[in-house]
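Notes follow once the structure below has been shown.
The values are calculated or read from the model by the stated rules, or taken from the named source; none is laboratory data. Here the structure is a predicted model, which is why all the values come from computation and not from measurement. Cβ placement follows ideal geometry from the backbone for every residue including glycine, while neighbour counts extend to all protein chains displayed. For accessibility, only protein heavy atoms count, side chains too; no ligands or nucleic acids. Shrake-Rupley method; radii C 1.70, N 1.55, O 1.52, S 1.80 Å.
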Amino acid sequence: LLTKTEADIAVHTTGSGFKDVYPQIEEIISAGLNVVSSAEELLMPDLYHPELATKLDRSAKAKGVTVLGTGVNPGFVMDALPLFLTSVCQRVKKIKVKRVVNASTRRLPLQRKIGAGLTPQQFREKVNQGKLGHVGLVESLAFIASGLGWELSKIKESVDPAIAETEMETKYVKVNNGEVTGIKHIARGYEDSQEVISLELQMYLGADDPHDSIQIEGEPNLDLRINGGTAGDTATAAMLVNCIPRVVESSPGLLTMKDLPLPYAISDGLSIRNPNG
């Protein structure tokens, strides 16, 4: 078991599912440490596990510490950033987010997680078993809806394979023509029969034109595009570290990104000129 140290916070990066990491986070809390975690389901922990979320929140408050789940996706690109952009809108009618990632440049575990090199049948079997795919897209959708106070009547989710039209090879995997290169994952949220949120993640080997785009239909309309996309590996580490001061300073309990003061880059010693002279 962990014991109390001189540290203020633990950075937790061991898994994706809330139920899987719950005992680990409880142990960290018991040592009197705040927690910032990359576990994807912690973005909205009460979505599928409300009882565990309530229990963890009580434990954190009893110990006077704060727990936060964040990262890049989920944690920023497809949830916190679009929700923040709505702060300049008088009215929001619909939000559409699309993320295209060239997985050829990413690490081996991610290439395996998206099914690169599998046959389409193997891909479907693993998706049905919950052993393959992106974790957190529905959490991102629920995060946006919760922030805007939207009561979704229905959520639709689809996970389909991207198929190679020619042979390709990365540092880690070889893919033959007709095999899987990655995933096309879509989550849609509805109010009555009206689609109000659409989140689309395309993550596959050799993806053309990688980018992140956010479109908000409202007053005013907004259209944001990040060319090249937000680099997942380095940006995830940065988000965890840059949220540390906000987590330590926040009130105790299990929080989400919408409960946190705005995070930003921690100074690395670079001189910042005073704009007022």
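Some points to look at:
- Pairs spanning more than 21 Å between alpha-carbon atoms, out of Lys93/Lys154; Lys94/Lys156; Lys94/Lys258; Lys55/Lys126: Lys55/Lys126.
- Computed FRET value (nearest 0.05) for Lys55 with Glu6, which takes r as the C-beta separation and R₀ as 30 Å: 0.60
- The range 67-159 shape via C-alpha gyration tensor axes, a/c threshold 1.5: prolate
- Cα gyration tensor shape of the range 30-75, rounded if a/c is under 1.5, else prolate or oblate by comparing a/b with b/c: oblate
- Sparsely packed trypsin sites (Lys or Arg not before Pro) within the range 140-204, loop by DSSP, other Cβ within 10 Å at most 16: Lys171
- Pair Ser87, Ile266: separation of 7 Å Cα→Cβ label points (nm): 2.2 nm
- Global geometry of the range 4-124, whether rounded, prolate or oblate, following the gyration tensor of its Cα atoms and the 1.5 cut on a/c: oblate
- For the range 75-147, the fraction of 1.4 Å probe accessible surface lying on carbon and sulfur atoms is 48 percent.
- About its Cα centre, the dipole of the chain is roughly 180 debye, where the only charges are +1 on Lys and Arg Cβ and -1 on Asp and Glu Cβ.
- Efficiency of FRET from Cβ geometry, Lys174 and Gln122, R₀ 22 Å, rounded to 0.05: 0.90
- The range 119-183: GluC sites (Glu not before Pro) in DSSP coil with no more than 13 other Cβ atoms inside 10 Å: Glu151, Glu165, Glu167
- Solvent-accessible area per residue, Å², over the range 26-73 with all protein chains present [probe radius 1.4 Å]: 37 Å²
- Cα-based helix-to-principal-axis angle, 18-30 vs the chain, degrees rounded to 10: 20 degrees
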